[in-house]
Amino acid sequence: MSQHSASNPSGATAAGAASGAGSTGSSSGSGKKTAGIFDIRVIIGALLGLFGLILLLTSLFSDPQAQVAKANDVDLNLWTGLCLLAASALFIAWAFLRPIVVDESAASSGDRPPGH
């Protein structure tokens, strides 16, 4: 399994990136931090989870006979909500099992463009 430079700019191996899973947002001994809650996968997972929860609640509290009759006896709000919740869990698990590691020493060493 290869590491992409966009998701792992420090060039660490998969084992090295996985070791930072418990330190979301906090620095470890080697001067590396993870993106934590600001990882785009967490944000996407949270939005999918919110939409899934809304559809699930809509399925539970709406008139089931009218909606199911329109969809050939399938409760689409229920199944779509459950699928969105499952996708949300996958995105969030992916973000915490393989976090993006940010090397602070490279960021503070003057590698910034002029004016920043």
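Take LYS70 and decide whether it is among the basic types (Lys, Arg), surrounded by fewer than 16 Cβ atoms within 10 Å (Cβ to Cβ) and either within 19 Å of PHE91 (Cβ to Cβ) or modelled with pLDDT under 90 (or both). Lay out the reasoning, then the answer.
On the way: among the basic types (Lys, Arg): yes; surrounded by fewer than 16 Cβ atoms within 10 Å (Cβ to Cβ): yes; either within 19 Å of PHE91 (Cβ to Cβ) or modelled with pLDDT under 90 (or both): yes.
Considered against the rule, which asks whether it is among the basic types (Lys, Arg), surrounded by fewer than 16 Cβ atoms within 10 Å (Cβ to Cβ) and either within 19 Å of PHE91 (Cβ to Cβ) or modelled with pLDDT under 90 (or both), LYS70 comes out as yes.
Answer with yes or no whether VAL42 is in a helix (DSSP H, G or I), of a type in the set (A, V, I, L, M) and touching an Asp or Glu at 6+ places or on another chain (Cβ under 7 Å).
Details: in a helix (DSSP H, G or I): yes; of a type in the set (A, V, I, L, M): yes; touching an Asp or Glu at 6+ places or on another chain (Cβ under 7 Å): no.
Considered against the rule, which asks whether it is in a helix (DSSP H, G or I), of a type in the set (A, V, I, L, M) and touching an Asp or Glu at 6+ places or on another chain (Cβ under 7 Å), VAL42 comes out as no.
Among the residues of segment 76-93, write down those that are surrounded by 16 or more Cβ atoms within 10 Å (Cβ to Cβ) and either outside any helix (DSSP H, G or I) or aliphatic (A, V, I, L, M) (or both). Residues satisfying the conditions are LEU78, LEU84, LEU85, ALA87, ILE92. When SER7 is tested against (1) surrounded by 14 or more Cβ atoms within 10 Å (Cβ to Cβ); (2) small (Gly, Ala, Ser); (3) at pLDDT 80 or above; (4) within 15 Å of the chain's Cα centre (by Cα), just one condition goes unmet, and that condition is (3).
The values are calculated or read from the model by the stated rules, or taken from the named source; none is laboratory data. This is a predicted model, so every value here is computed, not measured. Neighbour counts run over all protein chains shown; Cβ positions are idealised from the backbone, glycine included.
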